[in-house]
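*Asks:* Structure provided below as structure tokens; questions to follow.
Read-outs throughout are calculated quantities, based only on the coordinates presented, and are distinct from any laboratory measurement. Source: prediction; values computed, not measured. Note: ideal-geometry Cβ built from the backbone for every residue, glycine included; neighbour counts use all protein chains shown.
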Amino acid sequence: LPVLFKHWLKNEEVEEGRTAVLSCELTKPSAHVEWRKGDTVLQTSDKYEIKQEGTRVELLIYDAEAQDA
């Protein structure tokens, strides 16, 4: 069976300089997930952290700025 979203991403608002957390829940644990901004695949760095535990996947955006929208 294909992997589906149990809970979709929601719009989040965060003050500039704070950490934004985007999360979703999938129907299968440890499924491969790519986070993208436009055509760019995001990778773990000083700016982004990607966490995956079971069916829950999170993208943390540190020091959020308007251009991160």
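*Asks:* Using only Cα atoms, locate the centre of segment 51-69 and the centre of segment 1-22, then give the distance between them in Å, rounded to an integer.
*Replies:* Between the Cα centres of segment 51-69 and segment 1-22 lies a distance of 7 Å.
*Asks:* Right, next: Near E58, within a Cβ-to-Cβ distance under 9 Å, what is the net charge of the other residues, with Lys and Arg +1 and Asp and Glu -1? List each step's numbers first, then the result.
*Replies:* Values: positive: K51, R56; negative: E49, E53.
Value of the local net charge: 0.
*Asks:* While we're looking at this one, here's another question. Grab the other residues whose beta carbon is less than 15 angstrom from that of E16, score K and R as +1, D and E as -1, and report the net.
*Replies:* Working: positive: R18, K47; negative: E12, E13, E15, D63, E65, D68.
With Lys, Arg at +1 and Asp, Glu at -1, the net is -4.
*Asks:* Please report the net charge: other residues with Cβ closer than 9 Å to the Cβ of K47, K and R +1, D and E -1. All intermediate terms of the calculation are to be shown ahead of the outcome.
*Replies:* Numbers: positive: none; negative: D46, E49, D63, D68.
Local charge sum for K47: -4.
*Asks:* So how far apart, in nm, are the two label points at K6 and R36 if each is 7 Å from Cα heading toward Cβ?
*Replies:* 2.5
*Asks:* Continuing with the same structure: For E16 and Q52, FRET efficiency with R0 = 35 Å and r from the beta-carbon atoms, rounded to 0.05? Present the calculation step by step, with values, prior to reporting the outcome.
*Replies:* Working: r = 27 Å, r/R0 = 0.77.
Rounded to the nearest 0.05, the efficiency is 0.85.
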